[in-house]
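Presented below is the structure to which this report refers.
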Amino acid sequence: MWKIIGKRGVGHLHKLNTEANVPASIIENGQQRVIDASLTLIRERAKLKGELVRALGGAVASTSLLGVPLGHNSSFLQGPAFAPPRIREAIWCGSTNSTTEVGKELKDPRVLTDVGDVPVQQIRDCGVDDDRLMKIISDSVKLVMEQDPLRPLVLGGDHSISYPVVRAVSEKLGGPVDILHLDAHPDIYHCFEGNKYSHASSFARIMEGGYARRLLQVGIRSITSEGHEQGKIFGVEQYEMRTFSRDRHALENLKLGEGVKGVYISLDIDCLDPAFAPGVSHIEPGGLSFRDVLNIIHNLQGDVVGADVVEFNPQRDTVDGMTAMVAAKLVRELTCKISK
C-alpha cells in the first residue's frame, strides 16, 4: 500500500477517503504527525549547529546547508530530486582541499554547517499537497534562520523551491530582498502548464508576493513573449546572453541590497553553458562560462542573506560526475558570500 501511495500521493489517498470510507481524520492526523516529525528533525539539527557556532564565537553570519530534494514540479525531467546528496558528496570528495578561492576553510563550522534534508518524498507519500509542502519548506528555512548566526544555502531540487525559500527569508527578515537570479530561463510564467508551483513559475510567485524589490535575471537565452511581458509587468531586469559582452562590466560590479533586508542569490545550474555543466534537464547552449559566474558572485557587493543552487540533474551528468563537482564548487564559493 505505501508503495502505491508513494506513486499516487494525494490523489490515491483522496480516493481511499471517498471510496473506501476511510475517515479523513485518520489521514489528516497521520499527515500532521509526519510533518511535525520532519520539522522537529530540522529544528533540532539547526539548534545543535547554531549552538556550536555560537560557542566557537566570532561569526557574524554562517552558512548552513539545507537540502530540498524536490523534482515533481519540473516540466521535463524529475532528476533534480536526487541532487542534494550528490552535491554534498562532491563538496567533500577529497579530490580538492576544503579551502575556497577566497581563503575560507569549509571545515570550520563558523563557515559551513549542514542541517540535512527536508524529507520531501516521505511527506508527499502521505498525501500532503503542494500548498502544504511549500509551507513546510518555508517553515524549515525559518527554523534555520532562527538559530543566529545561521543563514540558509538551499540545495535543490528543481527551481520551484525558490518560491518558498525566498518567501521564508523575506518574512523572517521582515521585508523584501534584492534577488540575483542566474538562469537560462526567466521562470516567470504566470502558471506554466496549469501548475502554479511549476519550476517555470517560481519568480512569478515571488514577485506577486512582494518578497523582492529588485529581480536581476542573468544568463537568459531561452525566453518567450510571455517571459518578456511578465518581466515588464514586474519590473524585472533581464540580462540576455546575446548582449552579455555589452553588459559584462555592469554584471561583474553589482551592488545590491541597499534599503532592503539583503541580497538573495538563486543559481540555476543551467545558467552555465552545457560545456561546463552537462548534467541539467534543460540543455541550452550559449550560456555563461564558469568563471563568468564566479566573477559575478565574487564581485557582488551586498549582504547575502541566503541562496539556492538548483536544477542539477544527476541522471544526466557525465560518468565522472563533472556537473556535481561544478555544483559543489558553486556552493563552496557562495558560502564565502554568506559567511562573515
So, residue 282, is that one in contact with a helix residue (DSSP H, G or I) (Cβ under 6 Å, 6 or more places away or on another chain) and either under 25 Å from residue 243 (Cβ atoms) or open to solvent by 10 Å² or more (accessible area, probe 1.4 Å) (or both) or not? yes
Have a look at 131, 148, 178 and point out the one that is in contact (Cβ under 8 Å) with a residue 40 or more places away in the chain and either open to solvent by 10 Å² or more (accessible area, probe 1.4 Å) or closer than 27 Å to residue 321 by Cα (or both). 148
Out of the residues in segment 60-86 that are in contact with a Lys or Arg (Cβ under 7 Å, 6 or more places away or on another chain) and in a strand (DSSP E or B), state the one that is surrounded by the most Cβ atoms within 10 Å (Cβ to Cβ). 63
Kindly list the number of the only condition in (1) in contact (Cβ under 8 Å) with a residue 60 or more places away in the chain; (2) surrounded by fewer than 18 Cβ atoms within 10 Å (Cβ to Cβ) that fails for residue 254. (2)
Pair list, Cβ < 8 Å and 6+ apart or interchain, from segment 198-225 residues that are on the phi > 0 side of the Ramachandran plot and without any contact (Cβ under 8 Å) to a residue 60 or more places away in the chain to residues that are open to solvent by 10 Å² or more (accessible area, probe 1.4 Å) and in a strand (DSSP E or B): none
Provide a single number: the residues in segment 285-333 that are open to solvent by 50 Å² or more (accessible area, probe 1.4 Å) and at positive phi. 0
Before we move on, is residue 231 under 23 Å from residue 302 (Cβ atoms), modelled with pLDDT of 95 or more, among the small types (Gly, Ala, Ser) and crowded, with 19+ Cβ neighbours inside 10 Å? yes
Look at residue 40 and say whether it is free of Cβ contacts under 8 Å to residues at least 60 places away in the same chain and polar (S, T, N, Q). yes
Can you go through 211, 197, 189 and tell me which one is open to solvent by 40 Å² or more (accessible area, probe 1.4 Å), among the hydroxyl-bearing types (Ser, Thr, Tyr) and at pLDDT 95 or above? 189
Looking at the structure I just gave you, is residue 288 of a type in the set (A, V, I, L, M) and over 19 Å from the mean Cα position of the chain (by Cα)? yes
State which residue is most open to solvent (accessible area, probe 1.4 Å) when the search covers only segment 94-128 and only residues that are touching a residue at least 24 places away in the same chain (Cβ under 8 Å), more than 23 Å from residue 53 (Cβ to Cβ) and not in a helix (DSSP H, G or I). 95
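Matching residues to (1) free of Cβ contacts under 8 Å to residues at least 24 places away in the same chain; (2) in contact with a Phe, Trp or Tyr (Cβ under 7 Å, 6 or more places away or on another chain); (3) over 18 Å from residue 215 (Cα atoms); (4) among the aromatic types (Phe, Trp, Tyr):
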{"site": "265", "(1), (2), (3), (4)": "no, no, no, no"}
{"site": "290", "(1), (2), (3), (4)": "no, yes, yes, yes"}
{"site": "297", "(1), (2), (3), (4)": "no, no, no, no"}
{"site": "325", "(1), (2), (3), (4)": "no, no, yes, no"}
Those residues that are more than 18 Å from the chain's Cα centre (by Cα), of a type in the set (Lys, Arg) and part of a helix (DSSP H, G or I), I need them from segment 294-340; list them, please. 316
If you check every pair at least six apart or on different chains, which have Cβ atoms under 9 Å apart with a residue in segment 53-70 that is hydrophobic (A, V, I, L, M, F, W, C) first and a residue that is open to solvent by 10 Å² or more (accessible area, probe 1.4 Å) and at pLDDT below 95 second? none
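The values are calculated or read from the model by the stated rules, or taken from the named source; none is laboratory data. The model shown is predicted, which means the values in this text are computed figures rather than measured ones. Heads up, the Cβs are rebuilt from the backbone with ideal geometry, glycines too, and the neighbour counts pull from every protein chain shown. All accessible areas refer to the heavy atoms of the entire protein, side chains included, with ligands and DNA or RNA removed. Shrake-Rupley method; radii C 1.70, N 1.55, O 1.52, S 1.80 Å.
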